[in-house]
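To keep things clear, I will list the structure first and then write my remarks on it.
The values are calculated or read from the model by the stated rules, or taken from the named source; none is laboratory data. Please read these numbers as outputs of a predicted model, since none were measured by experiment. Heads up, the Cβs are rebuilt from the backbone with ideal geometry, glycines too, and the neighbour counts pull from every protein chain shown.
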Amino acid sequence: MLGRDPIQEGPILGAPRHPRAPVAELAPTPEAPAAPAWKPAEPRARRRRWLGSAFTLALLALLGLNWSAAVTGRGTPPAALVSSLEQAVNALRGPPRIGLQIGHLDAAAMPRELAKLRTSTGATAGGLEEVQVNHAVVRALAARLRQDGFTVDVFDATVPRHYRADLVLAVHADASVDPSREGYKSAHFLPLRNGRDPLLKLDVDRAMLARSPLGDDDRNVSLDMLEYYAFNARRFRHAVARSTPALIVELGYLSNARDRAYLERPQRAAQALADGVVAYLHDVKRIPAGDPKPASEQASAPAAAP
Ligand SMILES: [Zn+2]
């Protein structure tokens, strides 16, 4: 809402109790297909068993190599072998899964435990609604990440219960009575709920600040961002599980002319966020170096052969 930081209007939004497709008509982005609603991962139990076995095997292999290295004095396990084990574990885990929250969408449908947030419908400035911006950016971002081969779940203000993925981004925009206030900021939950939250923040912040015209508005991170309800798994069932790194981003101010011009073209913010997500997945070795291939490389590869 204009005149107050959206984050201060009340802890942002939550998501639907029933999986549903986010309103495609809100902010059309032609290049981005409609984002399918989140649905529970199919054979989760089976996948967990596979993962457990894979991790155990990898651990035993590494322990064996370390023991062998200690006995024979031949040093640490070869990097290539460690890399192969990482690849095997990643293959068993399947493509990285990414959860994207459209800030404030369908706030009125939030469950009873989050009833206080049902009126948290987001900021408005100059006839532009924050939820429209959030929605357009998430749709474009989901399309880019799917192009890269990732699995993407899109949800509204209500996070699916105990949601798990490789990471979650909650997408918001800001507004202020001061038209000169501008810039991007982000926050992970405090006290720290996941050891990888700071790395996710670092990678996404770097990408946003390097690849967008937005300034750094870190000084205006609010308590409501640091205690974002959707990341508060101790208090709410409809929250991101603590095992999943999560970050809330504020993509600029609707009330600032320059930020607003940027936000009216959601593809640019989506690309910057996608770059940050890919950098993070590289850092945690969830995807191999060099993947995903740049679109130009993918397109030119087959044609390159004479
Ligand atoms: Zn918001």
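When residues in region 119-164 are screened for being assigned to a helix (DSSP H, G or I), buried (at least 24 other Cβ atoms within 10 Å of the Cβ) and among the charged types (D, E, K, R), 2 of them pass.
Gly75 meets the conditions (1) surrounded by fewer than 14 Cβ atoms within 10 Å (Cβ to Cβ); (2) in contact with a helix residue (DSSP H, G or I) (Cβ under 7 Å, 6 or more places away or on another chain); (3) modelled with pLDDT of 95 or more in every case but one. The failed one is (3). Out of all the residues in region 105-118, is one or more in the same structural domain as Leu200 (by TED's automatic domain parsing), under 19 Å from the mean Cα position of the chain (by Cα) and surrounded by 24 or more Cβ atoms within 10 Å (Cβ to Cβ)? Checked region 105-118: at least one residue is in the same structural domain as Leu200 (by TED's automatic domain parsing), under 19 Å from the mean Cα position of the chain (by Cα) and surrounded by 24 or more Cβ atoms within 10 Å (Cβ to Cβ).
Is at least one residue of region 137-153 touching a residue at least 12 places away in the same chain (Cβ under 8 Å), within 14 Å of the ligand (Cβ to nearest atom), within 25 Å of Leu263 (Cα to Cα) and touching a helix residue (DSSP H, G or I) at 6+ places or on another chain (Cβ under 9 Å)? For region 137-153, residues touching a residue at least 12 places away in the same chain (Cβ under 8 Å), within 14 Å of the ligand (Cβ to nearest atom), within 25 Å of Leu263 (Cα to Cα) and touching a helix residue (DSSP H, G or I) at 6+ places or on another chain (Cβ under 9 Å): present.
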